[in-house]
Amino acid sequence: MKNEPHTHELETRLQGILSATGDLDSSLQQATEEIAKSFEARTCTLHQADDTGEWLHLRGAIGLPEHLLSVTQKIPFGKGMAGICAQRRQPVSVCDLQTNNSGLVRPRAKETKVAGAVVVPLLTQGKVKGTLGIGKSDDHEFSDDEIRILERCGTVLLEALSPRS
């Protein structure tokens, strides 16, 4: 990645956004925007798993076409990149979403105009609590470092999504 985000600085910015006063939905949206900007990504999505462990619900998104927002509001585990990531409990990536025929990419996902894409699971004690994904305009093979940084961002977001005791 040309301008790979610095993990600690990005985590600090995300923590600042999420700890600011205001409602959680606005904070999650701002955090999603910050992640997209840091990775020079066209899209960024944050989904939270429901208590059944069968569905992901959209909590933050940037760069998705308006007509796809309704499709991404609720995703079943096992469908599309986010759902497959949640089901497998491991990162899922494609170098070029536009030409990928692996079955990871849903047909409508191509409408995002994204090429390189990755989704990481947000895990707590081995249980999927959500997913975080980014997509770039150009073909992109995500490095282990980029995936690790995105997972660290997910950890910060997960803290905000977890109920306070």
* To do: Please verify whether segment 70-84 includes one or more residues that are at pLDDT 90 or above, of a type in the set (Gly, Ala, Ser) and in contact with a helix residue (DSSP H, G or I) (Cβ under 7 Å, 6 or more places away or on another chain).
  => yes
* Spot the failing condition for ILE35; the list is (1) under 13 Å from the mean Cα position of the chain (by Cα); (2) modelled with pLDDT under 95; (3) among the β-branched types (Val, Ile, Thr), and only one is missed. => (2)
* To do: Mind telling me which of the residues LEU46, LEU56, LEU14, LEU64 ends up being assigned to a loop (DSSP other than H, G, I, E, B), closer than 21 Å to PHE142 by Cβ and in contact (Cβ under 8 Å) with a residue 12 or more places away in the chain?
  => LEU64
* Does ALA36 count as touching a Ser or Thr at 6+ places or on another chain (Cβ under 8 Å), small (Gly, Ala, Ser) and either over 18 Å from SER93 (Cα atoms) or in contact (Cβ under 8 Å) with a residue 24 or more places away in the chain (or both)? -> yes
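The values are calculated or read from the model by the stated rules, or taken from the named source; none is laboratory data. Remember, it's a predicted structure, so these values are computed and weren't measured experimentally. Please note: Cβ atoms are built from the backbone with ideal geometry, for glycine as well, and neighbour counts cover all protein chains shown.
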